[in-house]
Amino acid sequence: MTVESTAARKTTRRSSGTKRTASASTSTTKKTSTRAEAVATEPELVQLLTPEGERVQHPDYDIDLSAEELRGLYRDMVLSRRFDAEATALQRQGELGLWASLLGQEAAQIGSGRALRDDDYVFPTYREHAVAWCRGVDPTNLLGMFRGVNNGGWDPSTNNFHLYTIVLGSQTLHATGYAMGVAKDGADSAVIAYFGDGASSQGDVNESFVFSAVYNAPVVFFCQNNQWAISEPIEKQTRVPLYQRAAGFGFPGVRVDGNDVLACLAVTRSALERARRGEGPTLIEAYTYRMAAHTTSDDPTKYRRDEEREAWEAKDPIQRLKTYMENEGHADAAFFEELETESEALGKHVREVVRAMPVPEHMAIFDNVYADGHALVDEERAQFAAYQASFEGGEAE
Amino acid sequence: MAVQKLPLAKALNESLRKALETDPKVLIMGLDVGKLGGVFRITDGLQKDFGEDRVIDTPLAESGIVGTAIGLALRGYRPVVEIQFDGFVFPAYDQIVSQLAKMRARSLGTVKMPIVIRIPYGGGIGAVEHHSESPESLFAHVAGLKVVTPANSNDAYWMLQQAIQSDDPVIFFEPKRRYWDKGEVDTEAIPGELHKARVAREGTDLTLVGYGPMVKTCLEVAEAAAEEGKSIEVVDLRSISPLDFDTVQASVEKTGRLVVVHEAPVFFGSGAEIAARITERCFYHLEAPVLRVGGYHAPYPPARLEEEYLPGLDRVLDAVDRSLAY
């Protein structure tokens, strides 16, 4: 395998004027022209579904989905968005301490998440709610840490979905190590690590690129470039398109339209298959947009303009698939109505479960700190229990 | 042959060999651990005998070494990671403190992190900067980690295997200035608990607590003091987290005096923790305040000054005299 990736070669062709597939909309091109030159040169995106809902072909990433599969992807995106909206609302109502919305990134997450096999392993950051959905993780499990009842809260091996990682980029190394283990075991599963454009600046992400390349680890790096790291725009992270960094580490990089669920599915599937064949890592840059705030704690109006968001709204991942399905007759009105009902039921369920989440027992502070026990933890647990008991007035209540 | 006389470094090497033989999930990882056998030769010959899949030369990236070890542990492996020197652990500090230490609690006890991080530490070998530090308190302060350090060959052999068998992450500090000291290793005697302190020398007038490289110094102090008619008990902590306060307390209740010795800076160091706890536990047994001897609140000095910085015979004896003068 040569270092130069298919996508990188295509970019060269593009720069010489050959435009092969639909590129991002004019408004975005105009917008980014004010940004640093290297970032502004929007390289070709792998795209299978235009923002207008028109199906286009790509020579390297063809995909053939049945109407049922298309409806499945659409349903995943709608329900993920509904779950996310409910969580945002719950945060506004004081039921959650914080929420990191995925709004706008449904296609990147569902497309990549649905490319995975059950025996693949996922290392998410803290915004991969729709990937968790694809893994069969109970979505209410994701809310425990945001409600403040735990700091993770699930067994990662149940769904091969690791705990959310808040420190940026740390999990890319865990993914790489896990993938090294997969290779040692002679298994043919793959590993996927999610991170964002901000995390791409972290040393750990670069170290994970080095390790995965050196050991030829079966890992796919899925970077959701949502353009903003809290208030810092992408040009504060890089002077080259992120996917091009892969070439410097010796593996392919590809930029995909992150708002195109079909393209995300096709590109991720291809990268996972490559990993399974023992051909090593791939970096996928899903070019997308974070429609909401970084988390419910920040205010995007302070750092970005309304026009930018509006331009991206025109590229909405859910609407474009809906348009395509309607135009092609892949779904009827009953499907959309039923999904609406299901969506409302999900929101209601999430609300009820969150409100009923119990505050953990006080003694849980001392649980699971060590597997083999620790004298100091035992001592402090006993002291704390005695202190608590002193308030309870003989446990008469 | 059950009992052999081995340098501490060779005892560690034999210990790793035993661990690799016993459990196919044990891996050795680090910079230069393969062909070179480690800069201190602790892994000498292991790659030759166990292969590159078990004894893994890594890229030069400490965070990457620990971060990938976490992933391997999640996959069911038991990585033993070598950080080449004490002062080089800090690029990996985030992975150790923010990720490794917390993984079990965050998963509600569903994952294990059986990772050992071996760190040759401490001064006294005339090294350049970043090669002589004693950062044990920085790790002991973090819940979720265990911190141990052997002081002799037998402990080196057994404690390392016990650390590898533990399902918790263990920071294994190796006293590099004692690597070449020979001691008896009994490869068949059933060892004591990993986290239990050891009374290295009995005495009645004062307790000296040390660990790792300072145990030898403390024993020399006790020997010198004995010539002046003073009976000093020496406690080798062996484990810094958890710390066996019971053994220290029992000794102090007997002697009434305590001096803690370590190479790390005294300020916010392990000696402070020991002084505070022992004062709480046996205030009425103490004939003198607990004294500490250690490094200064200054960067580890250039090698030509390290003998002034490190606790040596005279500085510890001075503290012993001050304690006995109360």
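Residues that are within 14 Å of chain A (Cβ to nearest Cβ) and under 14 Å from B:Tyr211 (Cβ atoms) within the stretch B:225-259 comprise B:Leu237, B:Arg238, B:Ser239, B:Ile240, B:Ser241, B:Pro242, B:Leu243, B:Asp244, B:Phe245, B:Thr247, B:Val248, listed in sequence order. Going through the stretch B:273-298 one residue at a time, which ones are away from every other protein chain (no Cβ under 14 Å) and of a type in the set (Gly, Ala, Ser)? Passing the criteria: B:Ala275, B:Ala288, B:Gly294, B:Gly295, B:Ala298. Being within 7 Å of chain A (Cβ to nearest Cβ) and not hydroxyl-bearing (Ser, Thr, Tyr) narrows it down to one residue among B:Ala73, B:Ala101, B:Ala105, B:Ala92; which is it? Result of the check over B:Ala73, B:Ala101, B:Ala105, B:Ala92: B:Ala105. Just one residue in the set B:Glu82, B:Glu21 is away from chain A (no Cβ under 12 Å), open to solvent by less than 20 Å² (accessible area, probe 1.4 Å) and among the charged types (D, E, K, R); that residue is B:Glu82. Test B:Ala156 against the criterion of being assigned by the TED database to the domain that holds B:Val66 and over 14 Å from B:Ala9 (Cβ atoms), and give yes or no. No. Residues that are under 14 Å from A:Leu73 (Cβ atoms) and small (Gly, Ala, Ser) within the stretch A:314-335 comprise just one, A:Ala331.
Yes/no per residue for (1) among the charged types (D, E, K, R); (2) open to solvent by 50 Å² or more (accessible area, probe 1.4 Å); (3) out of contact with any Lys or Arg (no Cβ under 6 Å at 6 or more places or on another chain):
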{"position": "A:Lys302", "(1), (2), (3)": "yes, yes, yes"}
{"position": "A:Trp312", "(1), (2), (3)": "no, no, yes"}
{"position": "A:Thr323", "(1), (2), (3)": "no, no, yes"}
{"position": "A:Glu326", "(1), (2), (3)": "yes, yes, yes"}
{"position": "A:Ala333", "(1), (2), (3)": "no, yes, yes"}
{"position": "A:Val369", "(1), (2), (3)": "no, no, yes"}
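Taking the stretch B:193-220 only, how many residues are within 14 Å of chain A (Cβ to nearest Cβ) and either touching a Pro at 6+ places or on another chain (Cβ under 6 Å) or in a helix (DSSP H, G or I) (or both)? Write out each step before concluding.
As a first pass, look at the stretch B:193-220 and keep what is within 14 Å of chain A (Cβ to nearest Cβ): B:193-197.
The next check asks that each one be either touching a Pro at 6+ places or on another chain (Cβ under 6 Å) or in a helix (DSSP H, G or I) (or both); those that pass are B:195.
Counting residues in the stretch B:193-220 that are within 14 Å of chain A (Cβ to nearest Cβ) and either touching a Pro at 6+ places or on another chain (Cβ under 6 Å) or in a helix (DSSP H, G or I) (or both) gives 1.
Inspect the stretch B:260-272 for any residue being free of Cβ contacts under 8 Å to residues at least 24 places away in the same chain, within 30 Å of B:Val128 (Cβ to Cβ), away from chain A (no Cβ under 14 Å) and open to solvent by 10 Å² or more (accessible area, probe 1.4 Å) and give the result as yes or no. Among the residues of the stretch B:260-272, at least one is free of Cβ contacts under 8 Å to residues at least 24 places away in the same chain, within 30 Å of B:Val128 (Cβ to Cβ), away from chain A (no Cβ under 14 Å) and open to solvent by 10 Å² or more (accessible area, probe 1.4 Å), which makes the answer yes. Residues in the stretch A:63-96 that are over 30 Å from A:Val267 (Cα atoms) and either surrounded by fewer than 16 Cβ atoms within 10 Å (Cβ to Cβ) or small (Gly, Ala, Ser) (or both): A:Ala89, A:Arg92, A:Gln93, A:Gly94.
Of B:Asp32, B:Asp49, all but one fail to be acidic (Asp, Glu) and surrounded by 13 or more Cβ atoms within 10 Å (Cβ to Cβ); the exception is B:Asp32. Here A:Gly136 meets each of (1) facing another protein chain (nearest Cβ under 7 Å); (2) open to solvent by 10 Å² or more (accessible area, probe 1.4 Å) with one exception, condition (1). For the stretch A:164-175, a tally of residues being touching a residue at least 24 places away in the same chain (Cβ under 8 Å) and either within 8 Å of chain B (Cβ to nearest Cβ) or farther than 16 Å from A:Ala132 by Cβ (or both) returns 8. Within the stretch A:335-350, residues that are surrounded by 12 or more Cβ atoms within 10 Å (Cβ to Cβ) and assigned to a helix (DSSP H, G or I) reach partners that are of a type in the set (Lys, Arg) and modelled with pLDDT of 95 or more with beta carbons closer than 6 Å, at six or more positions or on different chains, in the pairs A:Leu339/A:Arg75; A:Ser343/A:Arg82; A:Leu346/A:Arg82; A:Gly347/A:Arg82.
Which one is nearest to the other protein chains (Cβ to nearest Cβ), of the residues in the stretch B:44-70 that are part of a loop (DSSP other than H, G, I, E, B) and small (Gly, Ala, Ser)?
The residue in question is B:Ala61.
Only residues that are hydrophobic (A, V, I, L, M, F, W, C) and under 15 Å from B:Leu208 (Cα atoms) were counted across the stretch B:267-284, and they come to 4.
The values are calculated or read from the model by the stated rules, or taken from the named source; none is laboratory data. Owing to the predicted nature of the structure, the values given are computational and were not obtained by experimental measurement. Here Cβ is always computed from backbone atoms with ideal geometry, including for glycine, and neighbour counts include all displayed protein chains. Side chains are part of the model used for accessible areas, which takes the heavy atoms of the whole protein and leaves out ligands, DNA and RNA. Shrake-Rupley method; radii C 1.70, N 1.55, O 1.52, S 1.80 Å.
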